[in-house]
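Undergrad: Below is a structure I'd like to ask you about.
FYI, it's all coordinate maths here, none of it is from the lab. Note that the coordinates shown come from a computational prediction; the quantities given were computed from them, not determined experimentally. Cβ: placed from backbone, ideal geometry, glycine included. Neighbour counts: every protein chain shown.
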Amino acid sequence: MITQTELKDILDYNTETGIFTWKVYRQGIKGIGSVAGYLNKAGYIKIMINGKIYQAHRLAWFYINGEWPKNYIDHINGQKDDNRIENLRDVTRRQNQQNRI
């Protein structure tokens, strides 16, 4: 699993937009400064780092807080691709399920 230092060495995270961009050249992407990740079929942004796929919302939490979320990350406004830190909260599974109602 990636450390916070490693994450910050390779990605920039914009707290106002929730978007990650590459700080380093990665083979097969547009280059430094390009948006990291892709939108999966479920509507979440995924980012591959060192052969492992991470959910961008969990990376955002880790990037800012320095620790992985203890539970689920809830998108407060219900938009799965809105990874602004102000839109994310660490919640229980039950709390997270409330958004589906």
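Undergrad: Which residues, taken from region 43-82, are polar (S, T, N, Q) and touching a Phe, Trp or Tyr at 6+ places or on another chain (Cβ under 8 Å)?
TA: 55
Undergrad: Within region 41-49, is there a residue that is in contact with a helix residue (DSSP H, G or I) (Cβ under 6 Å, 6 or more places away or on another chain) and of a type outside the set (Val, Ile, Thr)?
TA: no
Undergrad: For a quick check of your reading of the model, give me the residue pairs whose first member lies in region 27-45 and is within 21 Å of residue 8 (Cβ to Cβ), whose second is in a loop (DSSP other than H, G, I, E, B), with beta-carbon atoms closer than 7 Å and at least 6 apart or on different chains.
TA: Listed by first residue and then by second, the contacts come to 31/25; 32/23; 32/24; 32/25; 45/37; 45/81; 45/83.
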